[in-house]
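Okay, structure first, notes after.
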Amino acid sequence: MTDKTSAALETMPAWEQRFRAPRTGLPDWAEDAPHRSLFVSNATGTFELYAWDRSTGKQRQVTDRPNGTTDGVLSADGEWVWWFADTDGDEFGVWMRQPFDGGPDEPAVPGLAPSYPAGLALGRQGTVVVGRSTEEDGSTVHVVRDGGEPVEIYRHRESAGVGDLSRDGTLIAIEHTEHGDAMHSALRVVRPDGEVVADLDDTKGGREPLGLTVMGFAPVDGDSRLLVGHQRGDRWEPMLWDPLSGVETALALDLPGDLGADWFPDGSALLIEHSYQARSELWRYELATGELSRLETPPGTVSEATARPDGSVEFLWSSAALPPEVRSTTGRVVLDPPGVKAPASVAVTDAWVDGPGGPVHALVQRPEGAGPFPTVFDIHGGPTWHDSDAFASAPAAWVDHGFAVVRVNYRGSTGYGREWTDALKHRVGLIELEDIAAVREWAVASGLADPDRLVLSGGSWGGYLTLLGLGTQPEAWALGLAAVPVADYVTAYHDEMEALKAMDRTLLGGTPEEVPERFEASSPITYVDQVRAPVYISAGVNDPRCPIRQVENYVRRLAERGAPHEVYRYDAGHGSLVVEERIKQVRLELDFVQCHLG
């Protein structure tokens with residue numbers, strides 16, 4: 001960033017500076033060449049991939065595409081950068097590769113047709129494992145050895161993907177949902193020729209199906225143990241499973257909340273990512289002794305972390321008040337982008353509200369002054385996700401403009417136990433809105449929110465809940481802002497990518513033809529004639545997750561009855577990686593609210 005650009009940035013409103021300020025993701029590093037790293041940055045105004053040679057300090061932009069690039073991985077030897085090439089954000093494409101030091105791009109796996117990506121593993125012995133998903137083939141896994149032709153070793157109609165490849169290249173872990181429950185994966189380990197070694201499936205034999213996820217094979221030669229996430233208690237936590245011997249090893253981790261894990265590079269310890277009540281921290285777990293020691297991180301959210309060969313841990317950290325930084329447990333900042341830093345925002349406070357399914361956790365940001373405030377209920381997507389005490393430019397923009405912002409971790413959200421997440425079944429959308437309504441009533445009764453100036457807002461699943469809420473709770477909301485939403489559930493199901501069809505079948509208990517009454521009850525278009533509040537909708541014309549046709553169906557119904565609405569369509573997929581485009585979208589939302597709410 002030039003001095004002239006930095007000076008121009010400093011004159012802009014704080015909310016725009018937060019979007020434009022250069023930032024980086026956590027650098028990934030090559031296992032056998034740890035001085036070579038790959039990271040994502042918006043330094044050019046579009047999120048792209050960058051190669052970084054730590055031994056020389058040289059950084060180089062790898063990709064340069066109009067709608068940005070974020071999916072990339074380094075080969076184990078650090079010689080190649082692999083990146084996924086789709087078309088304008090449609091998520092359908094092929095893997096490309098480029099030499100680490102620069103050079104022409106080339107197809108990474110010639111012979112494989114375009115698809116949706118479903119995992120990738122690059123081995124040391126020239127073995128490549130590629131997961132794919134298409135409407136015609138369902139889920140497939142292909143193996144390429146020594147640059148030869150790709151060989152299909154797995155195929156199923158239900159969703160599946162590549163988990164990991166063992167260090168010696170002899171074992172492949174696959175996550176699959178052959179049982180038909182897309183919320184709870186089972187695991188299968190196979191040889192590179194497709195021979196089944198072992199299965200691990202927690203969806204059978206119990207009162208309720210339980211999920212499993214691959215966290216990674218041991219990074220040590222001759223060690224066949226696989227680190228696995230499981231839900232055998234009321235949360236996610238790690239265990240060890242050796243698919244060759246069948247031995248399962250539970251880990252004594254006396255911490256509340258969800259636990260993720262990764263290996264330290266020498267295999268002697270695990271890096272534990274501990275998430276609890278919308279905050280997170282890091283721990284080290286010694287496998288030999290069971291000793292658990294906390295690693296120093298500031299209060300807030302660690303969104304990514306990786307252990308380095310020297311024993312240090314690098315992590316991407318932020319809080320609602322402070323912008324993200326790539327830090328190390330050594331105490332230093334790992335990557336510090338040049339130029340103006342993003343302005344701080346205000347800290348969040350916690351609200352716990354009694355809801356119909358139990359206590360609901362909400363995060364609240366307040367502007368200066370005394371309430372009640374006009375209030376934006378900013379609803380997260382997923383739905384299996386949760387809002388946390390992390391920096392977010394869009395909520396900060398609303399606070400700058402005098403709005404309180406409330407973010408609700410409704411039933412279906414992760415981070416509050418398995419039962420809370422799995423409660424989202426059959427009455428999809430309506431369950432979440434019950435929790436949002438309980439928090440809304442608290443916000444008004446507490447004096448935080450002005451009942452006549454409540455804005456329901458969200459993107460993706462949050463956009464879906466916005467449109468559904470405007471129709472089922474028409475008297476509650478003054479305005480609605482829905483980004484990349486599900487608007488017509490039946491049409492969305494038929495047009496969306498295969499993995500999301502599987503998720504919808506799980507959530508609703510079948511297809512639109514099998515359970516039409518559930519799709520009807522959960523679809524915003526069912527209630528479109530009841531919408532009274534002005535509604536703003538933004539949608540990507542190449543979106544494979546919330547396709548444009550079903551949005552147009554909903555908009556047409558609004559127009560037919562003369563309901564106040566605005567629609568913004570942009571040339572991208574499920575959101576945009578271009579900074580100016582994202583700013584434009586927020587500015588349009590701010591203008592819409594100013595026009596209708598004052």
When the label point is put 7 Å from the Cα of residue 580 along its Cα-to-beta-carbon vector, which residues of the range 39-64 have a backbone N closer than 18 Å?
42-48, 64
Within the range 573-595, what residues put their amide N at less than 19 Å from the label point 7 Å along the Cα-to-Cβ vector of residue 44?
573, 576-583
In whole Å, how far is the Cα centre of the range 151-203 from that of the range 467-524?
30
If you take P(r) over Cα pairs in 20 Å bins from 0, in percent from the coordinates, which of (i) 15, 36, 25, 15, 7, 1; (ii) 19, 56, 24, 0; (iii) 20, 52, 25, 3, 0 do you get?
(ii)
Charges only on Cβ, +1 for Lys and Arg, -1 for Asp and Glu: so what's the dipole of the range 306-386 about the Cα centre, in debye to the nearest 20?
180
Euclidean distance of C-alpha centroids, the range 361-377 and the range 71-102, integer Å:
42
Here FRET efficiency (C-beta to C-beta, residue 85 to residue 434, R₀ 45 Å, nearest 0.05) is 0.60
What length, rounded to one decimal in nm, is gained on full extension from residue 14 through to residue 341, with 0.36 nm per residue of separation minus their alpha-carbon distance?
116.7 nm
Net length gained if the chain between residue 136 and residue 511 were fully extended (0.36 nm per residue, minus Cα distance):
133.2 nm
Using a cut-off of 10 Å between beta-carbons, work out the net charge of the residues near residue 417 (Lys and Arg +1, Asp and Glu -1, residue 417 not included).
-2
With all protein chains present, the range 210-365 has a carbon and sulfur share of its accessible area (1.4 Å probe) in percent of 52
Extension length gain for residue 549 and residue 310 (0.36 nm per residue less Cα distance), in nm, is 80.9 nm
Under a crude label model (7 Å from the Cα following the beta-carbon direction), how far is residue 559 from residue 247 in nanometres?
6.6
For the pair residue 596 and residue 149, how long in nm is the line joining their label points, each one 7 Å along Cα→Cβ?
5.7
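The values are calculated or read from the model by the stated rules, or taken from the named source; none is laboratory data. In this text the structure is predicted, and so the values were computed from the model without any measurement. Neighbour counts are summed over all protein chains in view; Cβ atoms, including those assigned to glycine, are modelled from backbone coordinates with ideal geometry. Quick note on the areas: whole protein, heavy atoms, side chains included, nothing else; ligands and nucleic acids left out. Shrake-Rupley method; radii C 1.70, N 1.55, O 1.52, S 1.80 Å.
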